[in-house]
Structures are given as structure tokens and as C-alpha cells.
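In what follows, a structure is listed as C-alpha cells, so that the remarks can point back to it.
The values are calculated or read from the model by the stated rules, or taken from the named source; none is laboratory data. As the structure is a prediction and not an experimental result, all values here were calculated from the model. Cβ coordinates were reconstructed from backbone atoms using ideal geometry, including for glycine residues, and neighbour counts include every protein chain displayed.
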Amino acid sequence: MSIWKYSDRFDQLPSRENRLSLGEGNTPLIRSRSLGPSLGLKNLWFKLESGNPTGSYKDRFGAAAVSHLIDSGAKFCLGTSSGNAGAALAAYSAVAGIPCILAIVDTAPQAKLRQMRAYGAELIKIRGFGTDADVTREVADGLRALGRELGSPVQISAFSHSPKGMEGVESIAFELGETGQKFDHLFSPSGGGGLTLAVAKGMKKIGASTAVHCVQPEGNDTIAGNLRSGEDRARSCKCFTTVSGLQVATVIDGHNTLTACRDSGGTGFLVTDDETFSWQKRLALEEGIFTEPAGAIALAGAAQAIRSGEIGADEEVVCLVTGTGFKDDDSIGKMMGSAEVCQSVEDFDQFKEKVVKSIR
């Protein structure tokens, strides 16, 4: 299985011999056994994008983006990342046998950087990139110019920069459509808006009447606030969220994402970082789903919608869980708190004593 199963739905395709795949896509759709009922929602579903080869939905982007690169004759991959996109680009560049050079967001977690390096990517971090709107615009403009100069278009996971690559992300919607279920609401994490826009585009292509909702941290309100308040455009912001992967201070795909969500019947939701970390912990403890914080924020938005009465108890709701928890060591520490990671005992008798104490 791969995203190329849906090649007839892509507007732009690389030649068949240059379509790279690591088996991305076909990710699990899991029905909530605990959190949905606790929220008063009968039909809550999780689309587990952590099941992709590098652990996030960005593999759908990486597969399409690097396939188009080699199809165009490019000899290397130049891209940007706060983590997941970089891992995907690095992995698929390794498959293609080309170098991968990445401009890294200032706050990218070490676990994500180590993963990129494991695939052989060269990483260069730029101070203020991702969190400062002016710096982020300057870097993006510079990368586009550098890509043109060196003959390899820069790969940024956004339609405004890499539309051919982002078509691969639309396959999330195609997979949901194949289930035969009618989803009333879909909640999507948003940084620059690319994922949310891709899913909205994909839903439109298959004729689904699903309301696509944009969920953002309060500390990166470029789209969600204006979407909810009725504005027509997204905006830049001063980013202060600590949720890795959603630190995108500029508009990027924001204008089009806002329009696509509104056209689908969706709206915007803003949640605090504390809410996001809380739902990340609950997903692990109550559903067995280990995700990075960005993968929990969609559920935080859905919970807010349920509490406000914007979702009915009988409606079908799907949340995108975008990446594995192994991507972010710091968030794992927050989940654990002061608890010991692993206890030690001297012998089996002490082990038995602890087991009996734990289950009573």
C-alpha cells in the first residue's frame, strides 16, 4: 500500500518509475473506547498517522515531494522542518539516493533532529525561524531563491511552497472515504495550515460533507481565531506555544485553509498548551495511543466543541493523531511528571511484593 494507490486523484503525477514509497498511508482508524464515552460522544474515532514509516503523516508529503524532485532531475533535496517533515524528506531522500539539507526551526526537539540525522540529512538551525514572523518570512523567501539558483525547488510542507508534495497528504481523506462511514466532523491540528487544507481538499474531491475544523494552540493563532470570528484572512502572530510542530508564526497556507474550512462547514478552535499536554497524557493512559503533543491537539479541540454544544452526542467525529510520542522527549517528561521511569529491586521476592501492592 502507498499513496500512489490514489494516483488517479492527483492533479500532478511523477512518472511511474520515479514514484517512491516506504509503504506510507493505510494508517489505522481506531474507535475510542474510553475518551469518547467520557465526553458524551458515542462515535469518536482516531486516525493514527503515527503508523507511517517515519512516524507521522508527513511521510505522505515526503513520498510525493521527493518523487517529484527526482522526476524533475534534481540532485538533492533542500527543505525546512521543525521535525516531522524533515524526517520524511530525509528518509525518502535516502531511498532516492540524494543528499538532504534542511533549515531547522529554532525550537525543534532533539529526538526529531536525531531521527533526521539517522537518515543522513544535514541540519542547519536558524535562530528565530518558526517563532518570529519576520525571520520566518525572510528564511522562506531566501530558501525559495536559493532553490531556484541551485536547481532544486525548496520543499516546505505547504501548498504555497510545495503543492505537488502536499497532494500526497490529501490521501488521508481518500482513506477515510473508503471506510464507507459518513464523518460529520473532522478535527485537524494546524500550524501553517497545510494538513488541514489538504484534508479539506481531499474531502471535497470525494464529495464528502464533512465539516473540517482547524485546531491551533492559543500561542500560534494564525488561522483558528479569525476563522471563528468571521474574518476572511489569516494573520501572522508572535508565536509562544511550546507545542512542537505547530510553531508557525506566518500565514503560509492560512488564507486558503480558513476558506476551505468555512466552505466545509467547519470553524476554528484555540486550546491552551496545558490542555494539549493533558489530552496527550489521557490518550496514552486511557486509549493506549502514544502521540506527540501536536497529535493530541485535535482531540483538545473536539473536547472543546463537545463542551460548547457544537457537536451532538450521536455525530461521527474523527480526530487526526499526527505523529508518534517518540518524536518529543520533553513532552514524555511532562507526561511522567516526577514518577520513576523504572523501579529497581534486589530479588524476585521484592518484585512479587511490589506487584501485590500495585494490584490491591
Filter the range 295-312 for residues that are closer than 23 Å to Thr179 by Cα and either crowded, with 18+ Cβ neighbours inside 10 Å or touching a strand residue (DSSP E or B) at 6+ places or on another chain (Cβ under 9 Å) (or both) and give the result.
Gly295, Ala296, Ala298, Leu299, Ala302, Ile311
Give the range 213-236 a look and list any residue that's among the aliphatic types (A, V, I, L, M) and in contact with a His (Cβ under 8 Å, 6 or more places away or on another chain), or say none.
Ala234
What are the residues in the range 138-173 that are of a type outside the set (Ser, Thr, Tyr), in a helix (DSSP H, G or I) and buried (at least 22 other Cβ atoms within 10 Å of the Cβ), if any?
Lys164, Gly165, Met166, Glu167, Gly168, Val169, Glu170, Ile172, Ala173
Among the residues of the range 253-273, are any under 16 Å from Ser157 (Cβ atoms) and surrounded by fewer than 24 Cβ atoms within 10 Å (Cβ to Cβ)?
yes
Has the range 99-117 got any residue that is among the aliphatic types (A, V, I, L, M) and modelled with pLDDT of 95 or more?
no
Here the residues within the range 275-305 that are of a type in the set (Gly, Ala, Ser), in contact with a helix residue (DSSP H, G or I) (Cβ under 8 Å, 6 or more places away or on another chain) and over 19 Å from Ala224 (Cβ atoms) are Ala284
Between residues in the range 28-40 that are closer than 18 Å to Thr324 by Cβ and residues that are in a loop (DSSP other than H, G, I, E, B) and among the small types (Gly, Ala, Ser), which pairs lie under 8 Å by C-beta distance while being six or more apart or on different chains?
none
Considering only the range 308-315, I want to know if a residue exists there that is part of a helix (DSSP H, G or I) and not small (Gly, Ala, Ser).
no
Checked the range 102-130 for anything of a type in the set (A, V, I, L, M) and in contact with a Gly (Cβ under 6 Å, 6 or more places away or on another chain); matches are Leu102, Val105, Ala108, Met116
Got at least one residue in the range 315-329 being among the polar types (S, T, N, Q) and loosely packed, with under 14 Cβ neighbours inside 10 Å?
no
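Quick grid of which residues meet (1) surrounded by 22 or more Cβ atoms within 10 Å (Cβ to Cβ); (2) within 21 Å of Gly193 (Cβ to Cβ); (3) in contact with a Cys (Cβ under 6 Å, 6 or more places away or on another chain):
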| residue | (1), (2), (3) |
| --- | --- |
| Met1 | no, no, no |
| Lys5 | no, no, no |
| Ser32 | yes, no, no |
| Glu49 | yes, yes, no |
| Asp59 | yes, yes, no |
| Ser81 | yes, yes, no |
| Ala85 | yes, yes, no |
| Asp106 | no, yes, no |
| Arg114 | no, no, no |
Go through (1) more than 21 Å from Ala65 (Cα to Cα); (2) within 15 Å of the chain's Cα centre (by Cα); (3) assigned to a helix (DSSP H, G or I) for Leu176 and report which single condition fails.
(2)
